[in-house]
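Just dropping this structure here.
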Amino acid sequence: MKPVITRIWHGTTRAEHADIYLDYLNKSGIPDYQNVKGNLSVEVWRKTEGDVCHFWTVTKWDSFDSIKNFAGKQYEKARYYPDDKDYLLDFEEHVEHYETFEY
């Protein structure tokens, strides 16, 4: 069984910006993921804790080559968009990658 590759990015916003940031993700990062050949799926996870909202983008890919087509040669580094600075509280440098076995 060939695994798919799951890529997970994490970021945080102020809780009051959660809906605005989700809308921004839907207009920026999500279409970028979906338009790369080899992207199998995109999920956004969200959890509010007090005045901070955590976001995870969880994407599945058919190969590391497809991820590199999205993120570049340094595919383990997070990819950010120009307006992220208006919402994100910090800029984590790296993302996580996992082999995923689906049954």
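Read-outs throughout are calculated quantities, based only on the coordinates presented, and are distinct from any laboratory measurement. In this text, all values refer to a predicted model and were calculated from it rather than measured experimentally. Here the Cβ positions follow ideal geometry from the backbone for every residue, glycine too, while neighbour counts run over all protein chains shown.
Within the range 72-79, is there a residue that is surrounded by 13 or more Cβ atoms within 10 Å (Cβ to Cβ), more than 23 Å from LYS2 (Cα to Cα), within 11 Å of the chain's Cα centre (by Cα) and aliphatic (A, V, I, L, M)?
yes
Name the residues in the range 35-58 that are in contact with a Ser or Thr (Cβ under 9 Å, 6 or more places away or on another chain) and among the polar types (S, T, N, Q), would you?
Of everything in the range 35-58, those that are in contact with a Ser or Thr (Cβ under 9 Å, 6 or more places away or on another chain) and among the polar types (S, T, N, Q) turn out to be ASN39, SER41.
If you don't mind, another one. Just one of GLY38, GLY50 is at positive phi and out of contact with any Asp or Glu (no Cβ under 9 Å at 6 or more places or on another chain); which is it?
Numbers: GLY38 fails: out of contact with any Asp or Glu (no Cβ under 9 Å at 6 or more places or on another chain).
Of GLY38, GLY50, the one residue that is at positive phi and out of contact with any Asp or Glu (no Cβ under 9 Å at 6 or more places or on another chain) is GLY50.
Separate question: Write out, first by first residue and then by second, each pair whose Cβ atoms fall under 8 Å of each other, whose residues are 6+ apart or on separate chains, and whose first residue, in the range 27-42, is aromatic (Phe, Trp, Tyr) while the second is surrounded by 14 or more Cβ atoms within 10 Å (Cβ to Cβ).
Pairs that qualify, where the first residue is aromatic (Phe, Trp, Tyr) and the partner is surrounded by 14 or more Cβ atoms within 10 Å (Cβ to Cβ), are TYR33/ASN39; TYR33/VAL42; TYR33/THR57; TYR33/THR59; TYR33/PHE70.
State the number of residues belonging to the range 86-102 that are more than 14 Å from the chain's Cα centre (by Cα), outside any loop (DSSP other than H, G, I, E, B) and surrounded by 11 or more Cβ atoms within 10 Å (Cβ to Cβ).
Taking the range 86-102 and keeping what is more than 14 Å from the chain's Cα centre (by Cα), we get 86-87, 89-90, 99-102.
Restricting the remaining residues to those that are outside any loop (DSSP other than H, G, I, E, B) gives 86, 99-100.
Next, only the ones that are surrounded by 11 or more Cβ atoms within 10 Å (Cβ to Cβ) stay: 86, 100.
Of the residues in the range 86-102, 2 are more than 14 Å from the chain's Cα centre (by Cα), outside any loop (DSSP other than H, G, I, E, B) and surrounded by 11 or more Cβ atoms within 10 Å (Cβ to Cβ).
A follow-up question, please. Against the definition (loosely packed, with under 12 Cβ neighbours inside 10 Å, in contact (Cβ under 8 Å) with a residue 12 or more places away in the chain and not β-branched (Val, Ile, Thr)), how does PHE55 come out, yes or no?
Numbers: loosely packed, with under 12 Cβ neighbours inside 10 Å: no; in contact (Cβ under 8 Å) with a residue 12 or more places away in the chain: yes; not β-branched (Val, Ile, Thr): yes.
Criteria not met by PHE55.
Looking at (1) over 21 Å from PHE101 (Cβ atoms); (2) touching a strand residue (DSSP E or B) at 6+ places or on another chain (Cβ under 9 Å); (3) without any contact (Cβ under 8 Å) to a residue 24 or more places away in the chain, which is the one condition that is false for PHE70?
Here PHE70 clears every test but (3).
Here's a follow-up. Could you please let me know if ARG14 is touching an Asp or Glu at 6+ places or on another chain (Cβ under 7 Å) and charged (D, E, K, R)?
Working: touching an Asp or Glu at 6+ places or on another chain (Cβ under 7 Å): yes; charged (D, E, K, R): yes.
Here the answer is yes, as ARG14 does meet what is asked.
Just need a number here: residues in the range 25-55 that are closer than 22 Å to ASN69 by Cα and either aromatic (Phe, Trp, Tyr) or part of a helix (DSSP H, G or I) (or both). Outline the logic, then answer.
Quick first cut of the range 25-55, residues closer than 22 Å to ASN69 by Cα only: 25-44.
Next cut, either aromatic (Phe, Trp, Tyr) or part of a helix (DSSP H, G or I) (or both) only: 25-27, 29-34.
The total comes to 9.
Can you name the residue in the range 73-91 that is touching a strand residue (DSSP E or B) at 6+ places or on another chain (Cβ under 6 Å) and in contact (Cβ under 8 Å) with a residue 24 or more places away in the chain and is also farthest from ALA15 (Cα to Cα) among such residues?
Looking at residues that are touching a strand residue (DSSP E or B) at 6+ places or on another chain (Cβ under 6 Å) and in contact (Cβ under 8 Å) with a residue 24 or more places away in the chain, I get ALA78.
Can we say THR6 is assigned to a strand (DSSP E or B), of a type outside the set (A, V, I, L, M, F, W, C) and touching a residue at least 40 places away in the same chain (Cβ under 8 Å)?
Details: assigned to a strand (DSSP E or B): yes; of a type outside the set (A, V, I, L, M, F, W, C): yes; touching a residue at least 40 places away in the same chain (Cβ under 8 Å): yes.
Yes; evaluated as a whole, the condition is true for this residue.
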